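Heads up: the structure comes next, in structure tokens.
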Amino acid sequence: MADAAQVASAASSRDPAVGLRAVRALRDLVERLEALQVDNARGQGWTWEQVAQHLGVTRQAVHKKYAGGRRLLRREG
């Protein structure tokens, strides 16, 4: 599912297979967007604490998830 409008529409499908595929596509999109914005924030000098505060998680959680470097660029798929 590539098109965002298609995915949003499919998420409300009465067919569970279609709806669940859409949920997975949305989850993947959110993960990529989060990684992109974390990378953006860190590139602009934000601290892990600032990033975590805006994501509503702990500093340790965001650091553990993203401190390994450019996660978005490593994970294509």
**OP:** State the number of residues belonging to region 54-77 that are modelled with pLDDT of 95 or more, assigned to a helix (DSSP H, G or I) and either aliphatic (A, V, I, L, M) or open to solvent by less than 50 Å² (accessible area, probe 1.4 Å) (or both).
**Re:** 4
Subject >> Enumeration of residues in region 6-34 that are part of a helix (DSSP H, G or I), open to solvent by 70 Å² or more (accessible area, probe 1.4 Å) and of a type in the set (Gly, Ala, Ser) >> reply: Ser9
**OP:** Tell me, please, whether a residue that is of a type outside the set (A, V, I, L, M), over 23 Å from Ala67 (Cβ atoms) and open to solvent by 90 Å² or more (accessible area, probe 1.4 Å) can be found in region 38-53.
**Re:** no
Original post:
closer than 30 Å to Ala67 by Cα and without any contact (Cβ under 8 Å) to a residue 12 or more places away in the chain, is that true of Glu34?
Top reply: no
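The values are calculated or read from the model by the stated rules, or taken from the named source; none is laboratory data. Remember, predicted model here, so these are calculated numbers, not experimental data. FYI the Cβ positions are ideal-geometry reconstructions off the backbone, even for glycines, and counts take in every protein chain you see. In case anyone asks, the SASA skips ligands and DNA or RNA and just uses the protein heavy atoms, side chains included. Shrake-Rupley method; radii C 1.70, N 1.55, O 1.52, S 1.80 Å.
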